[in-house]
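To keep things clear, I will list the structure first and then write my remarks on it.
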Amino acid sequence: STEKMPSREAFIEIGRLVCINYGKDSGKLGVILDICDTMTALVDGPNLKRGIYNFRRMAVTGIKLPISKSVKSTTLYKAWEAADLDGQFGKTSWGQKLARQERRKNLTDFERFKVKVLKAKKNKIIKSKLKELKN
C-alpha cells in the first residue's frame, strides 16, 4: 500500500513569505531568498535586515513571491510592491490578528478604559440573553 504524504500548504522554498516570531525582529515579514542548510535560510524584507535566520525563529505563510534565488534587495523590494505582499498578508486572519494586537498595544489609558467598559456591557447583554434562553 502506498501512503500519501500529508498535504501542507506552506513549504519552505525560495520566495516564501515568512514572519519572524522571535528576537528583535519579531513580527516582521520577510521572504526566503536562499536555503543555506537544514536549519537556516537567507531572509530579506523591507522592514527586515537581510540575514541568515533559523527556521525555528520564523513562521512560514502560504503566500509565495515568484522570485529567483538570492536576488538583490532592490529587486526584491520592487517585486514585493508589485505583488502587494503587505496587503495580501493583511487580508489573512493572521495578519488581522497582528494588526489588532498592534492597535491594542498603542491604546491610551482612557481608550483602554473605554474598551473595558464596552466589554463589560457586551458581557452583560450576553449573560442576560443566555439567562433568557435557559428559562
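The values are calculated or read from the model by the stated rules, or taken from the named source; none is laboratory data. Computed from a predicted model, the values in this text were never measured in an experiment. No Cβ is skipped: glycine too gets one built from the backbone with ideal geometry, and neighbour counts run over all protein chains shown. Side chains included, ligands, DNA and RNA excluded: accessible areas come from the protein's heavy atoms. Shrake-Rupley method; radii C 1.70, N 1.55, O 1.52, S 1.80 Å.
Could you tell me whether segment 102-109 includes any residue that is of a type outside the set (A, V, I, L, M, F, W, C) and within 30 Å of residue 12 (Cβ to Cβ)? Yes: one or more hits. Number of residues in segment 32-54 that are open to solvent by 40 Å² or more (accessible area, probe 1.4 Å) and charged (D, E, K, R): the value is 3. Among residues of segment 76-99 that are under 20 Å from residue 43 (Cα atoms) and free of Cβ contacts under 8 Å to residues at least 24 places away in the same chain, those with a beta-carbon under 7 Å from a residue that is of a type outside the set (Asp, Glu) and in a loop (DSSP other than H, G, I, E, B) at least six positions away or on a different chain give the pairs 79/65; 79/67; 83/65.
The strands (runs of 3 or more DSSP E) found wholly in segment 2-68 and carrying at least 1 residues that are modelled with pLDDT of 90 or more and farther than 26 Å from residue 91 by Cβ occupy 29-35, 40-45, 48-54.
Go through the residues of segment 55-66 one by one and say whether even a single one is surrounded by 10 or more Cβ atoms within 10 Å (Cβ to Cβ), on the phi < 0 side of the Ramachandran plot, hydrophobic (A, V, I, L, M, F, W, C) and touching a residue at least 60 places away in the same chain (Cβ under 8 Å). Looking for residues that are surrounded by 10 or more Cβ atoms within 10 Å (Cβ to Cβ), on the phi < 0 side of the Ramachandran plot, hydrophobic (A, V, I, L, M, F, W, C) and touching a residue at least 60 places away in the same chain (Cβ under 8 Å), one finds none in segment 55-66, hence no. Across segment 71-120, the number of residues qualifying as assigned to a helix (DSSP H, G or I) and under 21 Å from the mean Cα position of the chain (by Cα) comes to 29.
Out of curiosity, is residue 132 of a type in the set (Asp, Glu) and open to solvent by 100 Å² or more (accessible area, probe 1.4 Å)? Answer is yes for this residue.
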